[in-house]
1. Of the conditions (1) among the hydroxyl-bearing types (S, T, Y); (2) exposed (fewer than 15 other Cβ atoms within 10 Å of the Cβ); (3) in contact (Cβ under 8 Å) with a residue 40 or more places away in the chain; (4) over 26 Å from A:G107 (Cα atoms), B:S12 satisfies every one except a single condition; which number is it?
2. Residues B:Q38, B:Q42: which one is without any contact (Cβ under 8 Å) to a residue 40 or more places away in the chain, surrounded by fewer than 21 Cβ atoms within 10 Å (Cβ to Cβ) and within 25 Å of A:L90 (Cα to Cα)?
3. Mind checking whether some residue in the range A:56-64 is of a type in the set (K, R), without any contact (Cβ under 8 Å) to a residue 12 or more places away in the chain and surrounded by fewer than 18 Cβ atoms within 10 Å (Cβ to Cβ)?
4. How many residues, within the range A:1-24, are in a loop (DSSP other than H, G, I, E, B) and either away from chain B (no Cβ under 11 Å) or surrounded by fewer than 18 Cβ atoms within 10 Å (Cβ to Cβ) (or both)?
5. Collect the residues in the range A:38-78 that are charged (D, E, K, R) and either over 15 Å from A:P25 (Cα atoms) or within 12 Å of chain B (Cβ to nearest Cβ) (or both), keeping them in residue-number order.
Amino acid sequence: KAGVTQTPRYLIKTRGQQVTLSCSPISGHRSVSWYQQTPGQGLQFLFEYFSETQRNKGNFPGRFSGRQFSNSRSEMNVSTLELGDSALYLCASSLAKGADLYEQYFGPGTRLTVT
Amino acid sequence: DAKTTQPNSMESNEEEPVHLPCNHSTISGTDYIHWYRQLPSQGPEYVIHGLTSNVNNRMASLAIAEDRKSSTLILHRATLRDAAVYYCILRGSSNTGKLIFGQGTTLQVKP
């Protein structure tokens, strides 16, 4: 079974631009969560989507948004990029059926650099 | 959200057991204890989880204190591949797909 895939793996953007990252979950997984990892703040939860609905949200500004498609693939978008948005963005999928505690399977991440 | 406390770093020799502690004194009765690890240049991976009883799987064992205020992840024979950052995470039923990562413990394994 293929794992979680994320595209692109590396990205360089300029301040003020916007960016869209893509995540394809493991087949059959309906929950997709996004995380940001930086050396200073560590791993921080961004949001989770389940059956095309945002089910949970972390403490990030509205510039960070996401969506999920009917095939469970997910995208996250960051608008008006700032230097501080440079980070590794990780996507994770799980079987999730409502309030559950299934383990999450992480992708390799997208390394975003903002210059 | 209940918080966990872990040592910043630990060292182990290859092929020796490793005990990684985690304190979670504010754990609620319905919180599960999960462990994930992150190898260098990879996304985190699930290791093990438990509620009250000790748990074993092919990767590790989880020992949970009787009062549930602490737990220990046990790697029975550390290998060089086990060098990673280990995260102890509490998950309640309301958290759904949200994992709250602390700083974790960086485990170094010496040959």
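Only the coordinates and a few stated rules stand behind these numbers; no lab work does. No experiment lies behind these values; they were computed from the predicted model shown. A quick note on method: Cβ atoms are made from the backbone with ideal geometry, for glycine too, and the neighbour counts reach across all protein chains shown.
1. (2)
2. B:Q42
3. Yes: the range A:56-64 contains one or more residues that are of a type in the set (K, R), without any contact (Cβ under 8 Å) to a residue 12 or more places away in the chain and surrounded by fewer than 18 Cβ atoms within 10 Å (Cβ to Cβ).
4. 10
5. Hits for the range A:38-78 are A:E48, A:R55, A:K57, A:R63.
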